[in-house]
Ligand code: SF4
Ligand code: SF4
């Protein structure tokens, strides 16, 4: 078995980047007023961020460190989301009444393509959320995707933890997509086109009403009619298949590679991101370990031959950590200039900013019974 050649930065680069990350987190989580409790909280997360950066840059543990941060982010988001629903509507279940009242359902980034397009073309909001909530979610999503590209799916998305955790738990690939993989990668593009078409023609959020597998965990329907029951069966079956069984048998992030309708938007908008993953062909020995280990099927025979990855790469770093030649790394767009420290500092900062906000919200809830400010500190 090939020995891994972990890419390691110097102590100097690692410590400087860790310090910058510490400062970013102090600024973002420290609050406006500089209260001692806020500063102490920010310092704790600043130190966690600095340790994560050193683990990644100095010890080359990019994928492993990201994996822990990503799963913890998803876990605390799920806890906070459930508590918020218990407080504001008395149940984690979503009832028809709440949908009918029109503006109180949290909107997620996945809805953006099929909510924004009918809003722009026909002036109709087809999701029961306020337009201000849509604007806030859209701004958050766009800024993260412009910065990280599909790294949004590898570092920031609070929905990916379950899919990622199940793929990481799997010890052996039982099922390979083989020649179907190429078509499976195109499925999200076809799905989002269908969803936009239905949304514009029928003004109906088909995905949220009948398909979204994430409703296994978030906003499961209150069952009062036979149709609700049918929808619940679809959400549970789809969620288990795509988020649990699929990742376990394929060792891939199955939902986040072959299903999520946000994949096309993240991949296409992400083309403007300053960060790229590239293969140094002069180091590569064509062992193809990167193709086999990529959890998103974003390293293909064709892309490897060109020294690149497909636009669906989530910047997760698994290929970088597994490559025996240390041939894969982050580069600045359009150049061969190394960008690993800059990418890592920003990705760790924003991931921990969200996690820090959720954990703080949880502590606040345990102390007071209310959530206080959650999300960004
Ligand atoms: S880039 Fe891929 S094929 Fe080349 S040496 Fe690394 S793991 Fe092997
Ligand atoms: S190509 Fe590498 S960095 Fe991109 S998703 Fe695959 S394993 Fe992760």
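The values are calculated or read from the model by the stated rules, or taken from the named source; none is laboratory data. Computed from a predicted structure; not experimentally measured. FYI the Cβ positions are ideal-geometry reconstructions off the backbone, even for glycines, and counts take in every protein chain you see.
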Checklist entry - Which of the residues that make up the range 262-294 are surrounded by fewer than 16 Cβ atoms within 10 Å (Cβ to Cβ) and more than 11 Å from ligand 2 (Cβ to nearest atom)? => result 268, 271, 272, 280, 281, 282, 283, 285, 286, 287, 288
Next on the checklist: Looking at the range 40-58 only, could you name the residues that are surrounded by fewer than 16 Cβ atoms within 10 Å (Cβ to Cβ) and more than 24 Å from the chain's Cα centre (by Cα)?
Outcome noted: 40, 43
Checklist entry - If you go through the range 59-118 one residue at a time, how many are at positive phi and surrounded by fewer than 16 Cβ atoms within 10 Å (Cβ to Cβ)? => result 2
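Restricting to the range 335-358, name every residue that is surrounded by fewer than 18 Cβ atoms within 10 Å (Cβ to Cβ) and either more than 21 Å from the chain's Cα centre (by Cα) or within 16 Å of ligand 1 (Cβ to nearest atom) (or both). Please lay out each step first, then the result.
Filtering the range 335-358 down to residues surrounded by fewer than 18 Cβ atoms within 10 Å (Cβ to Cβ) leaves 335-338, 342.
Scanning the range 335-358 gives 335, 336, 337, 338.
Here's the yes/no breakdown for (1) modelled with pLDDT of 95 or more; (2) closer than 18 Å to residue 64 by Cβ; (3) more than 16 Å from ligand 1 (Cβ to nearest atom):
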{"site": "290", "(1), (2), (3)": "yes, yes, no"}
{"site": "295", "(1), (2), (3)": "no, yes, no"}
{"site": "322", "(1), (2), (3)": "no, yes, no"}
{"site": "328", "(1), (2), (3)": "yes, yes, no"}
{"site": "333", "(1), (2), (3)": "yes, no, yes"}
{"site": "360", "(1), (2), (3)": "no, no, yes"}
{"site": "363", "(1), (2), (3)": "no, no, yes"}
{"site": "367", "(1), (2), (3)": "no, no, yes"}
{"site": "373", "(1), (2), (3)": "no, no, yes"}
Item to check | Boolean, residue 256 is assigned to a loop (DSSP other than H, G, I, E, B), modelled with pLDDT of 95 or more, buried (at least 23 other Cβ atoms within 10 Å of the Cβ) and more than 10 Å from ligand 1 (Cβ to nearest atom) | outcome: no
Next on the checklist: Based on this model, can you work out whether residue 186 counts as within 30 Å of residue 302 (Cβ to Cβ) and buried (at least 16 other Cβ atoms within 10 Å of the Cβ)?
Outcome noted: no
Next on the checklist: Can you pull out every residue in the range 132-174 that is free of Cβ contacts under 8 Å to residues at least 12 places away in the same chain and part of a helix (DSSP H, G or I)?
Outcome noted: 132, 135, 136, 139, 143
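Residue 282: within 16 Å of ligand 1 (Cβ to nearest atom) and assigned to a helix (DSSP H, G or I), yes or no?
Details: within 16 Å of ligand 1 (Cβ to nearest atom): yes; assigned to a helix (DSSP H, G or I): no.
When the stated conditions are applied, residue 282 does not pass them.
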